[in-house]
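Q: Handing you a structure now.
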Amino acid sequence: MLSQKTRYSIRALQHLADCHRQGPVRLDTIAAAQNIPRKFLTVILSELVREGVVNSTRGRDGGYELALDPVDVRYGDIIRLTRGSLALVPCAARNAHEHCNNCLPEAECRLRGLMLTLRDEMAAMLDKVSLADPIRLEPSFEGVAELV
């Protein structure tokens, strides 16, 4: 699952993409619109500024805005910046590979093979979709009968 930090980062960047080229957006505006705690958002946006994804402007008319065009910000990159990897298990990470504890040797582990395939498919999809692409809203799962 995505961490809370990653989910907040994506929502903040989506908000900034929606406001692209309209000038800096105040932190309080983003926090309120995206239901993100102000202190957490401050930390997230500071990290995104350091990474060059977001610009910040101080002063009365200051705020935050995307440093890049929304078409140049891919969801895969956002997740890698905030989570470090797209892999669901440490042994399937391409850039942050670690051996799993209490597991089989990697050459014998079919779960690792499956997770590498999943990671590659997910990366391919997330690296195609940018902040400029429309995302279809899906209905809530509330009220859907559970499978027995």
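Q: Contact list please: Cβ distance under 8 Å, first residue in segment 3-25 and buried (at least 17 other Cβ atoms within 10 Å of the Cβ), second residue at pLDDT below 95 and among the charged types (D, E, K, R), pairs at least six apart or on different chains.
A: Sorted first by the residue in segment 3-25, then by its partner, the pairs are T6/R83; P24/D61.
Q: Still on this structure, I have one more. State whether the residues of segment 40-53 include one that is over 17 Å from the mean Cα position of the chain (by Cα) and surrounded by 13 or more Cβ atoms within 10 Å (Cβ to Cβ).
A: Within segment 40-53, not a single residue is over 17 Å from the mean Cα position of the chain (by Cα) and surrounded by 13 or more Cβ atoms within 10 Å (Cβ to Cβ).
Q: Scan segment 57-68 residue by residue and report those that are more than 17 Å from the chain's Cα centre (by Cα) and closer than 18 Å to Q14 by Cβ.
A: Correct list: G63, Y64.
Q: Now for a separate question. Can you give me the number of residues within segment 114-138 that are over 19 Å from the mean Cα position of the chain (by Cα) and surrounded by 13 or more Cβ atoms within 10 Å (Cβ to Cβ)?
A: 3
Q: Hey, can you tell me all the residues within segment 13-53 that are assigned to a helix (DSSP H, G or I) and charged (D, E, K, R)?
A: Listed by number, the residues that qualify are D18, D28, R38, K39, E47, R50.
Q: State all residues of segment 56-84 that are farther than 19 Å from Q4 by Cα, touching a helix residue (DSSP H, G or I) at 6+ places or on another chain (Cβ under 7 Å) and polar (S, T, N, Q); if no residue qualifies, say none.
A: If the condition is that a residue be farther than 19 Å from Q4 by Cα, touching a helix residue (DSSP H, G or I) at 6+ places or on another chain (Cβ under 7 Å) and polar (S, T, N, Q), then S56 is the only one that fits.
Q: Can you name the residue in segment 54-72 that is of a type in the set (G, A, S) and either at pLDDT below 95 or not in a loop (DSSP other than H, G, I, E, B) (or both) and is also surrounded by the most Cβ atoms within 10 Å (Cβ to Cβ) among such residues?
A: The extreme case among them is G63.
Q: Sticking with this one: Does segment 82-96 contain any residue that is at pLDDT 95 or above and hydroxyl-bearing (S, T, Y)?
A: no
The values are calculated or read from the model by the stated rules, or taken from the named source; none is laboratory data. Quick caveat: nothing in here was measured; it's all calculated off a predicted structure. FYI the Cβ positions are ideal-geometry reconstructions off the backbone, even for glycines, and counts take in every protein chain you see.
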